[in-house]
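Report on the following structure.
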Amino acid sequence: MNTLERIAKEMVVSGKGIIAADESAGTCQKRFEAVGVPCTEENRRAYRETLLSAPNLEQFVSGIILYDETIRQETSEGEAFTAVLEKKGILPGIKVDAGAKELALHAGEKVTEGLDGLRERLAEYRTLGAKFAKWRAVITIGKGIPSNACIDANAHAMARYAALCQEAGIVPIVEPEVLIDGEHSIEQCYEASVAILKRTFEELAGQGVALEGTILKASMVISGKKAAQQSTIEEVARETIRALKETVPAKLAGVVFLSGGQGDEQATEHLNAMNAMDKLPWPLSFSYARAIQNPVLKIWAENPNANVGKAQAALVFRSRMNSLATQGKYSSEMERERPY
Ligand code: 13P
């Protein structure tokens, strides 16, 4: 087994998932504003230190995705964040895309940028300790969209990114997110998901990317947030698996999900339902940001000096619930043990 395969396997090892803590400065601003904390560099550092130094997190978490600023930061005691993770046996990852920008001539659609200079940035991130990377593409469902142009442009960019990662010895997480925003039905989400996934795997093959050393970060197939008819847990599990089986080659190292605006428990329930289904060709795990961090950030923000321990307990609890969900062993009754 080569290094990329070994890292990819470790990322989705049984009972573990990934925490996304790679919010850009802009996204962080929104999240901090919502809980009334000034988004200063020191507050971002202190909050991220709370996350990655949580005792026993490594029992449930294989990797944490960091942002450019975060991968360079240190604990209040002067230890590099990456060193803290390494000691715990948690893999450091890095978000490398430069964000989703308006797609020219296609109103309401986006294309993710960040390929320019990526080879050099990856080389630096590798020296900083990154073992895997993330690139997020955004697909919007609406009247007449997603267009083929949007799907093609994003799939191609993801494949170019993935190839550069593998050249640098870094495992690519390829993330085509079909947004939950809107009134669309679960059927429309299924169609858009299949379209982007199919094209993504064609482009990955075209660029020579080894799927054994690649992780897919997928959105679940689900009705839009404002849809008149909301999908059930069973429907989400069934349709998501159907879309994946139709498009994802069996040799892919693993699939992790984003939470995309789902409720915290809802995201756990959906993951559990999928893993309780028949044997699947790939491990299915989590790579949530909001569905894990929501209670953590709220508790921390109430008193950043005094609440570190409580916030960490919430983080470890949600990670444990999602770990159980990767094995189909979660039940909503377990929420009674919540420490928050
Ligand atoms: P959410 O789980 O909040 O959707 O974030 C996951 C992520 O990393 C998006 O790129």
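Miscellaneous remarks
- In region 254-312, residue surrounded by the most Cβ atoms within 10 Å (Cβ to Cβ) [restricted to those that are away from the ligand (no atom under 16 Å from the Cβ) and of a type in the set (Asp, Glu)]: Glu302
- Any hit, region 96-111, residues being in contact with a helix residue (DSSP H, G or I) (Cβ under 9 Å, 6 or more places away or on another chain), part of a strand (DSSP E or B) and open to solvent by 40 Å² or more (accessible area, probe 1.4 Å): yes
- Selection status of Arg338, open to solvent by 70 Å² or more (accessible area, probe 1.4 Å) and within 22 Å of Asn56 (Cβ to Cβ): yes
- Enumeration of residues in region 232-241 that are open to solvent by 10 Å² or more (accessible area, probe 1.4 Å) and either in contact with a strand residue (DSSP E or B) (Cβ under 8 Å, 6 or more places away or on another chain) or over 22 Å from Ser14 (Cα atoms) (or both): Thr232, Ile233, Glu234, Glu235, Glu239
- From the options Ala195, Ala227, residue that is among the aliphatic types (A, V, I, L, M) and open to solvent by 30 Å² or more (accessible area, probe 1.4 Å): Ala195
- Within region 112-134, the set of residues being aromatic (Phe, Trp, Tyr) and part of a strand (DSSP E or B) comprises just one member, Phe132.
- Scope region 70-117; condition within 16 Å of the ligand (Cβ to nearest atom) and among the charged types (D, E, K, R); matching residues: Lys95, Asp97, Lys101, Lys110, Glu113
- Subset of region 206-230 (residues that are more than 16 Å from the ligand (Cβ to nearest atom) and over 17 Å from Val255 (Cα atoms)): Gly206, Gln207, Gly208, Ser223, Lys226, Ala227, Ala228, Gln229, Gln230
- Residue count for region 125-150 satisfying the condition of being over 24 Å from Ala192 (Cα atoms) and surrounded by 15 or more Cβ atoms within 10 Å (Cβ to Cβ): 8.
- Considering region 24-63, and only residues there that are more than 20 Å from the chain's Cα centre (by Cα) and β-branched (Val, Ile, Thr), the residue that is nearest to Val96 (Cα to Cα) turns out to be Thr40.
- If you check Lys88, Lys101, Lys110, Lys95 for being in contact with a strand residue (DSSP E or B) (Cβ under 7 Å, 6 or more places away or on another chain) and within 29 Å of Val13 (Cβ to Cβ), only one passes: Lys95.
- Across region 239-255, not a single residue is classified as under 23 Å from Asn56 (Cβ atoms) and touching a Leu at 6+ places or on another chain (Cβ under 6 Å).
- Those residues of region 27-53 which are touching a residue at least 40 places away in the same chain (Cβ under 8 Å) and either part of a helix (DSSP H, G or I) or within 16 Å of the ligand (Cβ to nearest atom) (or both), in sequence order: Arg31, Phe32, Val35, Asn43, Ala46, Tyr47, Thr50, Leu51
- For region 1-26, a tally of residues being in a helix (DSSP H, G or I), more than 16 Å from the ligand (Cβ to nearest atom) and in contact (Cβ under 8 Å) with a residue 24 or more places away in the chain returns 7.
The values are calculated or read from the model by the stated rules, or taken from the named source; none is laboratory data. None of the values given here were measured: they were computed from a predicted structure. Note that each Cβ is placed from the backbone with ideal geometry, even for glycine, and that neighbours are counted across all protein chains shown. Please note that ligands, DNA and RNA were not included when accessible areas were found on the heavy atoms of the full protein model with its side chains. Shrake-Rupley method; radii C 1.70, N 1.55, O 1.52, S 1.80 Å.
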